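First up is the structure itself, then whatever we jot down about it.
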Amino acid sequence: MKKKGFLALMVVAMVVFLAGCGGSSKEEGGESSVLNAGAGDNATELSYWTFVELHGQHFEKMLEKWNAANPDRQIKLNVTVMPYDDMHNKLSIAVQTGVGAPDIADIELGKFPDFLAGTPQLEPLNDVAEPYKGTVVQSQLDLYSKEGNIYGLSTHVGATVAFYNTEILEQAGVDYKTIVTWDDFKKAGMQVYEKTGKYMGTADTSAIWQESLLLAQQGSDLTDDAGNPKVNSPEMVKALTMLKDLQDNNVISTIAGGQPDTEEAYGEFNSGNYATAFMPLWQMSRYTNYMADLQGKIAIAPLPVFEKGMPRSYGGGGTGTVVTKTAKDVQLAKDFIAYAKLSLDANIEIWNTLGFDPINMSVWDMKDVTHNPENQFVKYFVNNPFDVLNEIKEEIQLIKSTSASPTINNVLCTVTLNEIFEDGKDVQKALDDAQAQIEQELK
């Protein structure tokens, strides 16, 4: 079932950055740190697993506010950051066996269907989400639900936009505001390469942001209405044929790390080797944290489209924060994550601290918040992100997450995209092979 418009937004991650938050220790496969946040001796210590190191600034602020407002229900949070695969694999084993699971955890959107299979070993969150219905985008709740139960809470919309390095474009005589279609992007990119020797963008091999946004603007998806894979659809062939043509014309090129949201790629962008990234808005925090040299150079704009009038964004990425069945204090954990992720105060802080597009879209119209000249993101970028968000908010599309999504993502990101962009394999052949492999693995 296709959902369109801003009510069909995807969700993005609740992630943790462990700076200045109490003691730190190495655990097997990850690093653990305790957020005390003003908690007293009688506070309940809850454990939290995540896989991305960049959100504890917000989490600590909300924990401080929670502890101040709830002196009889104070929390110390023991946060462990692990590599993506390690965390999801360990969490899967822990919830299945009922041994060793954290109280709270992040589960990435593509992995979430695995944790909903059979009887979910996660606590329903309906009771704590109910007070916020009508103030947060409903699809943010629907995306992590099964049979009427909500199992995960999201942090932001993840509207996908174009990030343009205006310094490189100006050197080539290109105005990013004139880029409306992919043909415009191609012409601009050929000019950039000719004038500067730099690439306009990336040919991603380890993520499917680009394929997803190109499918979404065509009204298509990676799966059919029943959730079955269709990665060799005409729309997918059109998308990858266009990207391959851009690569063949030196407009885009593969990048270290395989996609813009990797440590290796941050260095490439920071060095000015690529002019454009097509990423969800949460990539803003990567710029401010890892690409300081680009401050004042990056402009945000709607995505190019095949034809003018097509939708210019989709909700990219997603992470649901969950409470496990074995949590030490289930209700306390549920109440806290709802407060930290769904409240209006939390959504304002999510923007102020992290630069994420909040799921409570009333924040989008709070100019005193979104256009605060002291905000680090307002200072960093050439233009205000919310001017772009409000321009495209009715155009943000959805790519579904189904039980087939983990397999689709794995095959495309470990085999197919490398075959196309590194080995030069025929697009149709590569996608037909991918479809066959995915179907075989799903049997």
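The values are calculated or read from the model by the stated rules, or taken from the named source; none is laboratory data. All values derive from a computational prediction rather than experimental measurement. Cβ coordinates were reconstructed from backbone atoms using ideal geometry, including for glycine residues, and neighbour counts include every protein chain displayed. Side chains included, ligands, DNA and RNA excluded: accessible areas come from the protein's heavy atoms. Shrake-Rupley method; radii C 1.70, N 1.55, O 1.52, S 1.80 Å.
Could you check how much of the accessible area of region 45-110 is carbon and sulfur, as a whole percent, using a 1.4 Å probe?
49 percent
I'd like the distance separating the alpha-carbon centroids of region 336-379 and region 247-300, in whole Å.
Taking the Cα centre of each part, region 336-379 and region 247-300 sit 24 Å apart.
Can you list residues whose amide H is under 5 Å from Asn78's amide H, if they're 5+ apart or on another chain and H is modeled 1.01 Å from N?
Amide H neighbours of Asn78: Leu35, Leu46, Ser47, Tyr48.
What translational diffusion coefficient, in µm²/s and rounded to a whole number, does the Stokes-Einstein relation yield for region 356-430 at 25 °C and a viscosity of 0.890 mPa s, taking the hydrodynamic radius as the Kirkwood radius over Cα pairs? Don't skip to the end; give the middle numbers.
Values: Rh = 16.1 Å.
Reported coefficient: 152 µm²/s.
Can you give the charge dipole size of the chain about its Cα centre, rounded to the nearest 20 debye, using +1 on the beta carbon of Lys and Arg and -1 on the beta carbon of Asp and Glu?
Charge dipole, the chain, about its Cα centre: 560 debye, nearest 20.
³J(HN,Hα) across region 278-295 via Karplus (A = 6.51, B = -1.76, C = 1.60, θ = phi - 60°), whole Hz, x for Gly/Pro?
With the stated coefficients, region 278-295 comes to 9, 9, x, 4, 4, 5, 3, 5, 5, 4, 5, 8, 10, 9, 4, 5, 8, 4 Hz.
Output the relative contact order of region 188-268, whole-number percent, from Cα pairs under 8 angstrom with separation of 6+ residues.
Taking the mean separation of contacting Cα pairs over the length of region 188-268, I get 39 percent.
Pick from Gln121, Gln331, Gln247 the residue whose mean-square fluctuation is largest in a GNM of the chain, springs joining Cα atoms under 10 Å.
It is Gln331.
Would you please give the residues with an amide H less than 5 Å from that of Ala162, counting only those at least 5 places away or on a separate chain, with H modeled from the backbone geometry?
Ala301, Leu303
Calculate, axis by axis, the spread of Cα positions in the chain along the three principal axes, and write the results as whole Å, longest axis first.
65, 54, 41
For Lys400, which aspartates and glutamates qualify as cross-link partners when the Cα separation must be under 14 Å and same-chain residues fewer than eight apart are set aside?
Candidates past the 8-residue exclusion: Glu108, Asp142, Glu211, Asp221, Asp224, Asp225.
Among the listed pairs Lys187/Lys230; Lys146/Lys238; Lys195/Lys244; Lys90/Lys325; Lys187/Lys425, which have their C-alpha atoms separated by more than 23 angstrom in this model?
Table pairs above 23 Å Cα-Cα are Lys187/Lys230; Lys146/Lys238; Lys187/Lys425.
Run down the aspartates and glutamates and flag those whose C-alpha is under 15 Å from the C-alpha of Lys111, throwing out any fewer than 8 positions away in its chain.
Result set, ordered by chain and number: Asp85, Asp86.
About its Cα centre, what dipole magnitude does region 238-317 give when the only charges are +1 on Lys and Arg Cβ and -1 on Asp and Glu Cβ, stated in debye to the nearest 20?
That gives region 238-317 a dipole magnitude of about 340 debye.
Determine the percent antiparallel among the DSSP beta bridges restricted to region 154-297, to the nearest 5. Walk me through the numbers on the way to the answer.
On the way: 6 of 9 bridges.
Expressed as a percentage, antiparallel bridges in region 154-297 total about 65.
Can you tell me the relative contact order of the chain? Whole percent, Cα pairs under 8 Å, sequence separation 6 or more.
Normalised by residue count, the contact order of the chain is 25 percent.
I'd like the antiparallel share, as a percent to the nearest 5, of DSSP beta bridges with both residues in region 47-162.
Details: 2 of 9 bridges.
Antiparallel bridges: around 20 percent, rounded to the nearest 5.
From the gyration tensor of the Cα coordinates in region 49-158, what semi-axes in whole Å does the equivalent ellipsoid have, largest first, with each one equal to sqrt(5λ)?
Whole-Å semi-axes of the equivalent ellipsoid: 22, 20, 15.
Quick one: plug the Kirkwood hydrodynamic radius of region 110-214 (C-alpha pairs) into Stokes-Einstein at 37 °C, 0.692 mPa s, and report D in µm²/s.
After rounding, the answer is 187 µm²/s.
Kirkwood Rh over Cα pairs of region 230-359 into Stokes-Einstein at 4 °C, 1.567 mPa s: D in µm²/s?
In µm²/s, the coefficient rounds to 72.
For the chain, what is the percent of antiparallel DSSP beta bridges, rounded to the nearest 5? Write out the running numbers ahead of the final one.
Working: 31 of 47 bridges.
Here the antiparallel bridges make up roughly 65 percent for the chain.
Starting at the first residue of region 358-371, write each ³J(HN,Hα) from the Karplus equation 6.51 cos²θ - 1.76 cosθ + 1.60 with θ = phi - 60°, in whole Hz, x for Gly and Pro.
With coefficients 6.51, -1.76 and 1.60, one gets x, 7, 8, 6, 5, 5, 4, 9, 8, 4, 5, 8, 6, 10 Hz.
Between the alpha-carbon centers of region 95-153 and region 181-224, tell me the distance in whole angstrom.
33 Å
Using θ = phi - 60° and the Karplus relation 6.51 cos²θ - 1.76 cosθ + 1.60, list the HN-Hα couplings for region 144-159 in order, rounded to whole Hz, with x at every Gly or Pro.
Going residue by residue, I get 10, 10, 8, 6, x, 9, 8, 10, x, 10, 9, 10, 7, 6, x, 4 Hz, with x marking Gly and Pro.
Quick check: convex hull of the Cα atoms in region 143-290, volume per residue, rounded to a whole Å³?
For region 143-290, the hull spanned by Cα atoms encloses 130 Å³ per residue.
Got the relative contact order for region 122-239 handy, in percent, Cα pairs under 8 Å and 6 or more residues apart?
On the way: 80 pairs, mean separation 15.4, N = 118.
Reported relative contact order: 13 percent.
Jot down the radius of gyration and Dmax of region 333-396, Cα atoms only, both in angstrom.
Cα radius of gyration and Dmax of region 333-396 are 12.4, 39 Å respectively.
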